1. Counting only C-alpha contacts under 8 Å and six or more residues apart, can you give the relative contact order of region 99-198 as a whole percent?
2. Based only on other Cβ atoms within 10 Å, what is the fewest-to-most ordering of S170, S105, S139?
3. By per-residue mean of other Cβ atoms within 10 Å, what is the highest-first order of 177-184, 55-62?
4. Hey, which of these cross-link pairs are over 29 Å Cα-Cα: K46/K118; K49/K164; K63/K118; K118/K164?
5. In the calculated pair distance distribution of region 144-198, what percentage of Cα-Cα distances lie above 13 Å?
6. How many nm is it between the label spots at E72 and N84, if each spot is 7 Å from the Cα in line with the beta carbon?
7. Given 0.36 nm per residue, what is the gain on full extension from A64 to S139 after removing their alpha carbon distance, in nm?
8. Grab the beta carbon distance between T45 and T166, set R0 = 35 Å, and tell me the FRET efficiency rounded to 0.05.
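Read the figures in this text as sums done on the coordinates, not as results from a lab. Values in this document were obtained by computation on a predicted structure and should not be read as measured data. Here the Cβ is made from the backbone with ideal geometry for all residues, glycine too, and neighbour counts use every protein chain on show.
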Amino acid sequence: MPSRWVFRALITLPTLPALAIALGTIAVADMHNPLEKRPGADPRTKEEKIAIAMSAGPPEIAKAARIIEVDESGKTEVLRDGTNGFTCMPGHGDTHPAMCADQASMQWFEDAAAHRPKPTNTVPGITYMLLGATQRSISDPNDTTSPLKKIGPHWMIMWPFDPKTTGLPSSYPGTEAYIMFAGTPWAHLHVMGNPYRP
């Protein structure tokens, strides 16, 4: 079960719009997004991809989530139907990690994959990346050249948090929480660790 601080964070979700800031526009080039088409064929079996996708989220969520993948042409394939509003993906490549995300988060990632100027989700989304991820930058969503950085298991709130109004850091502390892409329309909150692990 999640620790008490996770419940406190989730309980405050309805108040998050008050924390948003007016932001400009920016084209997203390289953030970790498994909704972008993969570069080539995937040798993993369907069963392997489903297992990896489910490992990215809490068991209580993953067991009833829809599971999809995006092929090299950008086409979405449903590997398993779901019933709880979450979607899990096995990911591919270095910057496209496995994840489980709710509907608002999926809209956020769809907007990023389509290179829209900003996300269009109207409520905060919840995304789990409990297998970790890699990222070139935590400040610049357009960075395509910096060395990859490993980010451990984490979950995210997909909403434009502002360090000035929240008091949260915008640099990666290795533990605890920070705001990725602060000051851009793609800002969102990273909470490090697996909240479902004792």
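1. Values: 209 pairs, mean separation 23.9, N = 100.
Relative contact order for region 99-198 comes out at 24 percent.
2. By the 10 Å Cβ count, ascending: S139, S170, S105.
3. 177-184, 55-62
4. K46/K118; K49/K164; K63/K118
5. Values: 889 of 1485 pairs.
Looking at region 144-198, the distances longer than 13 Å represent 60 percent of pairs.
6. It works out to 3.4 nm between the two label points.
7. Contour length minus Cα-Cα distance gives 23.6 nm.
8. Values: r = 43 Å, r/R0 = 1.22.
Efficiency, rounded to the nearest 0.05: 0.25.
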